[in-house]
Each structure stands twice: as C-alpha cells, then as structure tokens.
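Accompanying notes for the structure given below.
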Amino acid sequence: MKERLEALKSDALAELAGVNDAQALGDIRVKYLGKKGALTEILRGMGALSAEERPVIGQVANDVRGAIEAVIEEKQEAFQRAETEKRLAKETIDVTLPGRRLPEGGLHPLTKVIQDLEDIFVGMGYQVAEGPEVEMDYYNFEALNLPKNHPARDMQDSFYITEDILMRTHTSPVQVRTMQAMQGESPVKVIVPGKVYRRDDDDATHSFQFHQVEGIVVGKNIRMSDLKGTLLQFVREMFGAHTEIRLRPSFFPFTEPSVEVDVTCIKCGGAGCRLCKQTGWIEILGAGMVHPNVLEMGGYDPKEYSGFAFGMGVERIAMLKYGVDDIRHFYNSDLSFLKQFARL
Ligand code: FA5
C-alpha cells in the first residue's frame, strides 16, 4: 500500500509539473485528492491492514496528500500572480499622455442674468420668492386692482385654462401672495424671478413665454425716492457705474403713481444711436407705488403702510447687457450662440 501511495505521489507531481492553467490544476486536484479520487480509492483498503500498519500508512497517506496539496497551492498562487500582472500591464495608464478635452457646459444667458439680478438685490437685503406659473385669475388680475372686464386686462392677452385659472401674464401676482404670507409683518422686501406667458406674436422683441423679475417693498414711510434710489443702484450694478435712469409717468392699475423707467443707452451711453432711436434712453421696466387697494388686499392698512413695486423683462435686460438683437436667440438652443456666454 505504501508503494501505491508513493507511486500516486510521483504520478501526481509529474502531472502537476506540466500544468500551466488553473482549470487543469483543478482537474488534477479532483483526480488525485477528490472524494472519488485516487487517494481515497487506495485508502479504502485501510480496513484490511493490521492495527500496527494502519497509523504508519495513515501517516504516509497524509504526507502524500500534503505534498500534492503544497504543489497545487504553489502553482495556484503563481497563476494568480501571473493573472494580476497581466491585468496590471493591460491597465497601465500613461500619465504623460495629453488629456482628452471634455465638452464644457455653461450657464444659459437668461439664467446668468437672473442670478446676477438675485445677487444684486440680495445684496440690498431682499429675499427671493417664487409663485405658481399656473395662477388664479384672482391673483393675476383682481387682487391687483384689475376687476373682471377692466379694459387694462387687454394690455396682457392671456392663456386661460378655465374661467378662473390662467398662465400668469406677469410676476405681479406674487406681490399679493407675498403680502398675505407675511400676515401683516413688515418690512416686506422680496424679488420674484419667474416665467410668464402672454398671447403675444413672437418677433424680435416679443415671445409668448418670457421671464420677469418682480420686486416689492412694503413698510412704513416707503417713498418714491426709495424706489428711485433702489433702481439707480440696481442699473449701476447691472450695466455699469455711469448708467443713469429716467422715470416717465405711466399707468398700471396696481401702482399709483406709476412710472416707466429708462436707462441711458447701453450702446451709445446717451449720445443717441439706432438702438435707442436717437433718444439716448432705453426703457427697461415698469414700476410705481403700490396702490392702496392692493395693500389692503395683501392685508396691510394703506394709512399706516406704503410700498413700491417694479417688474422687468429678463430677456430685455439680457439683450441690452449682451448686445443680443433678437429675443428668439435665447430659445433656439443654438450652441454657437450659447457658447459665447459659457465663460462669462
Ligand atoms: C408688467 O408686466 C407689470 N407687471 C410690471 C410692473 C410690476 C409694473 C410692478 C409696476 C409694478 P409690462 O407689461 O410692461 O408690465 O411688462 C414688463 C416687461 O416685460 C416689459 O418691460 C418687457 O421687458 C417685458 N415683456 C412684456 N411683454 C413681453 C413679451 N411678449 N416678450 C418678452 N418680454 C416682454
């Protein structure tokens, strides 16, 4: 039996010497050491041995198993090492190679202008508020002193969803929403950027969907001069320190008095050019002192409180700031247009 075990050992070792892959190694393990393998087969005959022979043969069998297992393990480690080395060699990165240029994104010019506007007004102590784009007729018109059938509703042709619900035509409905949410606390001091919708025909300066930024301040002793100072500060930060503003009388049902605000022409600086139609001025927003009826609807007593509000078209500001001559450029998703703003 001892001879058979020794023979098994030398057969196995000889076979192992020629093996050079993990699969064959596994096969040899099964063939010699497996449950139905050659070693088990020989050891079945142990029962026939005498009590003295049994431990001796048992020891030999263990040595044979140990010797075969040691070679298998050694080979297995060598295979694994070779495998790892092969993978590492394949995955080697040449850090000296020049990098691949990834396409770089940038903010949309309208997003940039809205962020600039927010920065400027937050710097003056304003908070940024939002309101729904699908709005109730009540907030869009009635609470702004525009009862049903008021002729001034025609100034803003609307997309109605039901008789009482529409796509908001301006950001002004957030004036009353904010006042109501503040529940009489003061001062109210917010700006409201957002999308608005009108049944306007698209052309170089009009779009059926555009952006506005609303501003409203309500408190005690808020005066027209506060509005003027605020807007002057704003245009100088937005367009440059030499910009001036001019207020012209106007009409909005929700402000009294109301004004249109012009800035000195961004292109000619006020001398007169084609952009400003030789006037030296360009209109950028509507504003005024919050109408007493609107203050009341917002829950503020007009005898005690006053306020100002303004609303501007973001596209208009962006067109002036960046010299864009057609509002439709902002919506065409034309990369050659948009890329110009990526690094601003
Ligand atoms: C208003 O919408 C008022 N809510 C502004 C306001 C707020 C006045 C608070 C007083 C107090 P107006 O309809 O003029 O006003 O619109 C304001 C700005 O939106 C315009 O100056 C213009 O820049 C922009 N705008 C108006 N219609 C369009 C349009 N179809 N496409 C692009 N921009 C537009």
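The values are calculated or read from the model by the stated rules, or taken from the named source; none is laboratory data. Since the model is a prediction, treat every value here as computed from it, not as a measurement. Cβ placement follows ideal geometry from the backbone for every residue including glycine, while neighbour counts extend to all protein chains displayed. Note: accessible area is taken over every heavy atom of the protein model, side chains too, but ligands, DNA and RNA are not part of it. Shrake-Rupley method; radii C 1.70, N 1.55, O 1.52, S 1.80 Å.
Could you grab me the full set of residues in the stretch 169-197 that are away from the ligand (no atom under 12 Å from the Cβ) and surrounded by fewer than 16 Cβ atoms within 10 Å (Cβ to Cβ)?
Q180, A181, Q183, G184, E185, P187, listed by residue number.
If E256 satisfies all but one of (1) over 27 Å from M179 (Cβ atoms); (2) without any contact (Cβ under 8 Å) to a residue 40 or more places away in the chain; (3) in contact with a helix residue (DSSP H, G or I) (Cβ under 8 Å, 6 or more places away or on another chain); (4) within 13 Å of the ligand (Cβ to nearest atom), what's the number of the condition it fails?
All conditions pass for E256, except number (1).
So is K86 under 30 Å from D226 (Cα atoms) and basic (K, R) or not? Full working, then the answer.
Numbers: under 30 Å from D226 (Cα atoms): no; basic (K, R): yes.
Taking the combined requirement at face value, the residue does not satisfy it.
Among D154, D200, D137, which is the only one that is out of contact with any Gly (no Cβ under 9 Å at 6 or more places or on another chain), loosely packed, with under 14 Cβ neighbours inside 10 Å and either of a type in the set (V, I, T) or free of Cβ contacts under 8 Å to residues at least 60 places away in the same chain (or both)?
Values: D200 fails: loosely packed, with under 14 Cβ neighbours inside 10 Å; D137 fails: loosely packed, with under 14 Cβ neighbours inside 10 Å.
Exactly one residue qualifies, and that residue is D154.
When only residues in the stretch 281-319 that are assigned to a helix (DSSP H, G or I) and near the ligand (Cβ under 10 Å from one of its atoms) count, which is nearest to P173 (Cα to Cα)?
In the first step, residues of the stretch 281-319 are kept if they are assigned to a helix (DSSP H, G or I); the result is 292-297, 314-319.
Subset that is near the ligand (Cβ under 10 Å from one of its atoms): 294, 314-317, 319.
On the way: V294: 10, V314: 17, E315: 20, R316: 21, I317: 21, M319: 25 Å.
Checking each candidate, the answer is V294.
Given the conditions (1) farther than 27 Å from T111 by Cβ; (2) more than 9 Å from the ligand (Cβ to nearest atom); (3) touching a Gly at 6+ places or on another chain (Cβ under 7 Å), which single one is not true for C273?
Of everything listed in (1) farther than 27 Å from T111 by Cβ; (2) more than 9 Å from the ligand (Cβ to nearest atom); (3) touching a Gly at 6+ places or on another chain (Cβ under 7 Å), C273 misses just condition (3).
Okay, residues lined up against (1) within 30 Å of T178 (Cα to Cα); (2) aliphatic (A, V, I, L, M):
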site: I245; (1), (2): yes, yes
site: G299; (1), (2): yes, no
site: I317; (1), (2): yes, yes
site: S336; (1), (2): no, no
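So is H329 within 15 Å of the ligand (Cβ to nearest atom) and within 34 Å of the chain's Cα centre (by Cα) or not?
Numbers: within 15 Å of the ligand (Cβ to nearest atom): yes; within 34 Å of the chain's Cα centre (by Cα): yes.
Judged against the criteria, H329 is a match.
Tell me which residues, restricted to the stretch 203-234, are among the hydroxyl-bearing types (S, T, Y) and either within 11 Å of the ligand (Cβ to nearest atom) or open to solvent by less than 30 Å² (accessible area, probe 1.4 Å) (or both).
In the first step, residues of the stretch 203-234 are kept if they are among the hydroxyl-bearing types (S, T, Y); the result is 205, 207, 225, 230.
Selection gives T205, S207, T230.
Contact list please: Cβ distance under 7 Å, first residue in the stretch 299-313 and in contact (Cβ under 8 Å) with a residue 40 or more places away in the chain, second residue of a type in the set (S, T, Y) and within 16 Å of the ligand (Cβ to nearest atom), pairs at least six apart or on different chains.
Filtered contacts from the stretch 299-313: A309/T255; G311/T171; G311/S172.
Could you tell me whether the stretch 82-92 includes any residue that is buried (at least 16 other Cβ atoms within 10 Å of the Cβ), assigned to a helix (DSSP H, G or I) and among the basic types (K, R)?
Residues of the stretch 82-92 buried (at least 16 other Cβ atoms within 10 Å of the Cβ): none.
Among the residues of the stretch 82-92, not one is buried (at least 16 other Cβ atoms within 10 Å of the Cβ), assigned to a helix (DSSP H, G or I) and among the basic types (K, R), which makes the answer no.
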